[in-house]
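Taking it in order: structure first as structure tokens, then the write-up.
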Amino acid sequence: MTTERTLFGTDGVRGEAGTFLTAELATALGRAATASLEAERPQVLIVRDTRESGPMLESALAAGIAAAGGDALLGGVLPTPAAAILVKRLGLDLAAVVSASHNPYRDNGIKFFSAQGTKLDDETEARVESLLPARGRHFDRQADEMTTAPVAEPGHVRELNGGLEDYLRTLEAAFPLSLSGRKVILDCANGATFRAAPAIFERLGATVEAIAVEPDGRNINDGCGSTHLGALAERVAASEATIGFAFDGDGDRMLAVDGNGATHDGDELIALQARGMAERGELGGGVAVTVMSNYGFHQAMEEAGIEVAVTKVGDRYVLDELRERGWSLGGEQSGHIIDTRFTATGDGIAAALATMRELGGSDLSEATPMTKLPQTLVNVEVADREAVAGAPAVWDAVEREGAQLEGRGRVLLRPSGTEPLVRVMAEAPSAEEADAVCERLVAVVRKELA
């Protein structure tokens, strides 16, 4: 059986709804994923975000699950991490999330979680792909027959009630906080957290002002959420609130804004949590982050005596590192923060509550878990992104610039995983030096590869 994946990316199957991600593809994925399970009658949870294509893809996915002899349980609009929690809590065999995370509404996606609440590994995703029609991976209307055998008795499709309340109770049990007297502003991106996030903060006693909580199917991530912090920063700075949190469309990432309107990324929030956990003796090892984490993060963790492991970009690789080392905390600069004591995936709401726990009664503006180095990032368009691996002049320049910054900063050069781009990043004690280093490296990349 092949182990090559062509359809699944780093976070499931994702693309424009109705063109790439069609109802036919969703049905086939549901059928193939269900057929890959060993259970006699698989129980499969489906949750989705607020995109207008969500109900269509949810129905198609459920049809495929039932056609393969499984029961599809429709959880409705819930954050992605709720699927990871519920599949394990309810003893189900698989969970599917219909979402394209922070992408515009026209896109959608399907990703799966195992019975243990983890994203499927590469081998399992490859096995699912192997059960799809040979030509059907392109999903024209003349696709081949499925390679899975027909079932004598199709499964059922039914609604799963109480999923939101189960998720909220799990959050409440994990974070027994009193937020009385704290005013919090939440930007829910018109996405999957629009009910859950305000509800848990209010349940814990906070005064909540929620924005971007009126999803219409098309306004998800539109000028709001963790990829557009301007509106939240203005709202917090103009209010009596001392903190605001912005989630992405499916709720698995979060960024924060302090009372002055300054933004705080995943590096800063992970550093805050790591220091607090270490002081309480809860860290149980080190912390895992990606190559994109700021050099200041590494300096802060070294000062605190906390070991850092570095992975490729992608929260699934962070989780793999945590599991291999037996650690609990990790994440990405973009706001994916994983605490495996709670769940084995990024959870924006849980990360926000963890931030409130670490702050206690203090304000985020007063917390200084790390000092960020100025960073310059340039995306260079190239003819072939893979050609950078065989460009010695480029790597000689990277080595030269890195040696000049040793102990003070760093350089990072990597090809994009999806676009014809090479990403060039420099971090240095001053913005001027970071700009200059990046400019020199960009010139070499353009000369050798453009």
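Inspect all residues belonging to the range 386-405 and state whether any of them is in contact with a Phe, Trp or Tyr (Cβ under 7 Å, 6 or more places away or on another chain), at pLDDT 95 or above and part of a helix (DSSP H, G or I). No, the range 386-405 contains no residue that is in contact with a Phe, Trp or Tyr (Cβ under 7 Å, 6 or more places away or on another chain), at pLDDT 95 or above and part of a helix (DSSP H, G or I). Comparison of Gly91, Gly76 shows that the only residue that is assigned to a loop (DSSP other than H, G, I, E, B), open to solvent by 10 Å² or more (accessible area, probe 1.4 Å) and at pLDDT 95 or above is Gly91.
Taken over the range 299-312, the residue count meeting the criterion of being open to solvent by 50 Å² or more (accessible area, probe 1.4 Å) and either touching a strand residue (DSSP E or B) at 6+ places or on another chain (Cβ under 9 Å) or in contact (Cβ under 8 Å) with a residue 40 or more places away in the chain (or both) is 5. For Thr118, the stated conditions do not hold, so it cannot be described as of a type in the set (S, T, N, Q), open to solvent by 60 Å² or more (accessible area, probe 1.4 Å) and either modelled with pLDDT of 95 or more or within 28 Å of Met56 (Cβ to Cβ) (or both). The single condition among (1) within 17 Å of Asp347 (Cβ to Cβ); (2) assigned to a loop (DSSP other than H, G, I, E, B) that Leu272 does not satisfy is (2).
Within the range 223-253, the set of residues being more than 17 Å from Glu268 (Cβ to Cβ), open to solvent by less than 30 Å² (accessible area, probe 1.4 Å) and either small (Gly, Ala, Ser) or in a helix (DSSP H, G or I) (or both) comprises Gly225, Ala241, Gly249, Gly251. Taken across the range 358-379, residues that are out of contact with any Pro (no Cβ under 9 Å at 6 or more places or on another chain), open to solvent by less than 20 Å² (accessible area, probe 1.4 Å), under 27 Å from Lys111 (Cα atoms) and touching a residue at least 60 places away in the same chain (Cβ under 8 Å) do not occur at all. For the range 398-427, the candidate set comprises residues that are touching a Leu at 6+ places or on another chain (Cβ under 6 Å) and not charged (D, E, K, R); within that set, the residue that is surrounded by the fewest Cβ atoms within 10 Å (Cβ to Cβ) is Val398. Considering only residues that are farther than 16 Å from Leu373 by Cα and either in a strand (DSSP E or B) or of a type in the set (A, V, I, L, M) (or both), which ones fall in the range 425-450? Within the range 425-450, Leu441, Val442, Ala443, Val444, Val445, Leu449, Ala450 meet the criteria.
Restricting attention to the range 266-297, the residues that are open to solvent by less than 50 Å² (accessible area, probe 1.4 Å) and over 17 Å from Thr355 (Cα atoms) total 11. Of the candidates Asp339, Asp315, Asp320, the single residue that is closer than 22 Å to Asp250 by Cβ, open to solvent by 10 Å² or more (accessible area, probe 1.4 Å), out of contact with any strand residue (DSSP E or B) (no Cβ under 7 Å at 6 or more places or on another chain) and acidic (Asp, Glu) is Asp320.
The values are calculated or read from the model by the stated rules, or taken from the named source; none is laboratory data. Only a predicted model underlies this, so the values are computations on that prediction, with no experimental measurement involved. Neighbour counts run over all protein chains shown; Cβ positions are idealised from the backbone, glycine included. Note: areas computed on protein heavy atoms with side chains; ligands, DNA, RNA excluded. Shrake-Rupley method; radii C 1.70, N 1.55, O 1.52, S 1.80 Å.
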